[in-house]
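Quick notes on the structure that follows.
The values are calculated or read from the model by the stated rules, or taken from the named source; none is laboratory data. What you see is a predicted model; the values in this text were computed from it and never measured. No Cβ is skipped: glycine too gets one built from the backbone with ideal geometry, and neighbour counts run over all protein chains shown. In case anyone asks, the SASA skips ligands and DNA or RNA and just uses the protein heavy atoms, side chains included. Shrake-Rupley method; radii C 1.70, N 1.55, O 1.52, S 1.80 Å.
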Amino acid sequence: EMPKWLEFRRVLFRSDIPMKLKEIDKVRYRKHLNIVMFSMAMALIIFAQITSALFIYLFSEPDASHFYHIMAAVAAAVAIVVYVLNKYRNHPYMTEVVYVWDLKQQLNKIQCKQRKIKPAVESDDNDAMIIMNFMYRGSKQLYELDDNTITIEDLDLLITALEQRMKTAGLSLSTDLFKPEMLGSY
């Protein structure tokens, strides 16, 4: 069993929770993301300054090097920010931001296994096609949210080719069929 102090990893890096693609408001997402990122940066600066001054005052001598105290202060500031993000993860204000963070984590997991999944798609493996369908459509959503449209035409070609393969295999094109545990086979 995971120690209580490491429990935040399970919550922050939620690999066991089913991921469903959903439409989100791009303007609201960008606005909230910018505010959250700015707030995180400011909190890190403020907490690091306060804790470093406190650590140096409590645990150092005037002529000593303060490098390790400052590093400990930065680590403490990161821990505080992670704790606050974890605490407010389910707040309605964070809905779009957390959705995109979770989607990026899920797509990264698929990306790491893509070397084994792509040949399985070529062999008409149903789970592999479902996984790649989720990846392509999730990637397209991220590209559109982040205004990264340079390679979207190439992605559309991959989606079209996969759709044809899935139709031939009699599979639904719904991304709701994807389950994170499918990745365990690859």
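At-a-glance table
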quantity	calculated
Matching entry among LEU155, LEU103, LEU171, LEU107 (being in contact with a Gly (Cβ under 8 Å, 6 or more places away or on another chain) and farther than 16 Å from LYS26 by Cα)	LEU107
Some residue of region 36-51 being open to solvent by less than 90 Å² (accessible area, probe 1.4 Å), of a type in the set (Ser, Thr, Tyr), at pLDDT 95 or above and over 30 Å from LEU21 (Cβ atoms)	yes
Residue match in region 121-135 (condition: in a helix (DSSP H, G or I), more than 23 Å from the chain's Cα centre (by Cα) and among the acidic types (Asp, Glu))	yes
The one condition in (1) open to solvent by less than 90 Å² (accessible area, probe 1.4 Å); (2) modelled with pLDDT under 90 that LEU54 fails to fulfil	(2)
Considering residues of region 4-35 that are loosely packed, with under 11 Cβ neighbours inside 10 Å and charged (D, E, K, R) only, the residue modelled with the highest pLDDT	GLU23
Leading residue by the ranking (least open to solvent (accessible area, probe 1.4 Å)) among those in region 136-186 that are assigned to a helix (DSSP H, G or I) and small (Gly, Ala, Ser)	GLY138
Subset of region 80-103 (residues that are open to solvent by less than 40 Å² (accessible area, probe 1.4 Å) and without any contact (Cβ under 8 Å) to a residue 60 or more places away in the chain)	VAL81, VAL98
Residues within region 57-74 that are open to solvent by 60 Å² or more (accessible area, probe 1.4 Å) and either assigned to a helix (DSSP H, G or I) or hydrophobic (A, V, I, L, M, F, W, C) (or both), tallied	8
